[in-house]
Amino acid sequence: MYRTFTDALIHTRAKTILRQHLWPETLEPEYALQHCQGDGVMFTGVLTTEDLLRILPHMHTLTVSASRTLQRIVSEHGVTVRLSRNTWRYSHSGCATLSVDGFPEDGGPEEEQLLNALQREFDAICHKVEAAGYLLTDGTFPQEVGEVLLSRHTENIELRIVAVYPEECGYCDTESEWLNEYIDHILQHKRRVLCLRFEVYCAGEKMAESWTSETVIPPGEPVRKWLSLDEIRYVASSARSAIEVRAAAFRSFLKAA
């Protein structure tokens, strides 16, 4: 599945929240986080019998007696619960339907009890992932299109560092350990973790550009603290080569003239 850096962070955080609630990490998150109507987070997949037996003892919306009764029924009949999308228009918790398989026909009100308790838990999980997702998006997106973080120039040469949308840096294959560190940077320390484009212009014409991803920028920190000097050397070298090629072409033109 194709994922940008932001997608990878949201998926990683979703797994953490599922794990905290003892729900399986195999559930697939689907989301839209554009501050529009119908935005939100939902999950699709299956809660197996083993999942339900793990979750039920820790559901505080159930009495001890109700929880034990449901655990017995789930165990004896191999009950499972499927989470299915019920519309393709939106992506919030209300867009998923929870349906029970294997519950005995004469189960009485217990089936409804199970579904109601799981629905409340499901809504809480979705809302937590949604809240984190907005913060992770804000922490990895430019504040505006073409946000310039740094501009340094001489009479003819300009170096510009621009915050770009994560998809510009392509597929993210960062290890989960690092992703969790970036999540902590954003959620706990209010830092930005950005994908950057380095650009060099000569007399207003772009000569070279390069990209870096996952640059941590603490609030109020001087540029020298997070700026990659290696990347500046690389893009400067590329620009120098491009300028030399242009100059050589111009000299050959002068000779021909």
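The values are calculated or read from the model by the stated rules, or taken from the named source; none is laboratory data. Computed from a prediction, not measured in an experiment: that's the story for all the values here. FYI the Cβ positions are ideal-geometry reconstructions off the backbone, even for glycines, and counts take in every protein chain you see. These accessible areas exclude ligands, DNA and RNA; they are computed on the full protein's heavy atoms, side chains included. Shrake-Rupley method; radii C 1.70, N 1.55, O 1.52, S 1.80 Å.
Helix 229-256 axis versus longest C-alpha principal axis of the chain: approximately 40°, rounded to the nearest ten. Computed over the chain with a Gaussian network model linking Cα atoms closer than 10 Å, the most mobile of Leu229, Leu47, Leu70 is Leu229. Dividing the mean sequence gap of close Cα pairs (under 8 Å, 6+ apart) by how many residues the chain holds gives a relative contact order of 17 percent. Cys residues of the chain that find no other Cys beta carbon under 4.7 Å: Cys36, Cys95, Cys126, Cys172, Cys202.
Computed as a quarter of the hull surface, the mean projected area of the alpha carbon convex hull for region 58-197 stands at 13.1 nm². For the chain, the spread of Cα positions along the three principal axes, ordered from largest to smallest, is 96, 38, 31 Å. Once the gyration tensor of the Cα atoms in region 1-64 is diagonalised, the equivalent ellipsoid follows with semi-axes of 26, 14, 10 Å, ordered largest first. Projected label points at Cys36 and Lys190, each 7 Å from Cα along the beta carbon direction, are separated by 3.0 nanometres. Within the listed set Asp51, Asp101, Asp230, the residue fluctuating most in the Gaussian network model of the chain (springs between alpha-carbon atoms under 10 angstrom) is Asp230.
Restricting attention to region 164-247, which trypsin sites (Lys or Arg not before Pro) occupy a DSSP loop and are surrounded by at most 14 other Cβ atoms within 10 Å?
Qualifying residues, ordered by number: Lys190.
Per residue, the solvent-accessible area of region 1-102 (1.4 Å probe, heavy atoms of protein chains only, all protein chains present) comes to 50 Å². Around the Cα centre of the chain, unit charges on the Cβ atoms of Lys, Arg, Asp and Glu (plus for the first two, minus for the last two) sum to a dipole of about 1080 debye. If you bin all the Cα-Cα distances of region 1-138 at 10 Å, starting from zero, the percentages per bin are 12, 42, 31, 13, 3.
Rounded to two decimals, the Cα-based Rg/Rh of region 152-212, with Kirkwood Rh, is 1.13.
A dipole drawn for the chain from +1 and -1 charges on Cβ atoms has a positive end, and of Ala163, Phe198, Thr4 the residue lying farthest that way is Phe198.
Given the -39500 (n - 2.57) contribution per DSSP H run of 4+ residues, what per-residue ellipticity at 222 nm results for the chain, rounded to the nearest 500 deg cm²/dmol? Numbers along the way, then the final one.
Working: 7 runs with 112 residues, N = 257.
Taken over the chain, the calculation gives -14500 deg cm²/dmol.
With θ taken as phi - 60° and the Karplus curve 6.51 cos²θ - 1.76 cosθ + 1.60 applied, the whole-hertz 3J(HN,Hα) list for region 77-85 is 10, x, 5, 10, 10, 9, 9, 10, 5 Hz, x standing for glycine and proline. Hey, what D do you get for region 169-257 in µm²/s if you plug the Kirkwood alpha-carbon radius into Stokes-Einstein at 4 °C and 1.567 mPa s? The Stokes-Einstein estimate is 82 µm²/s.
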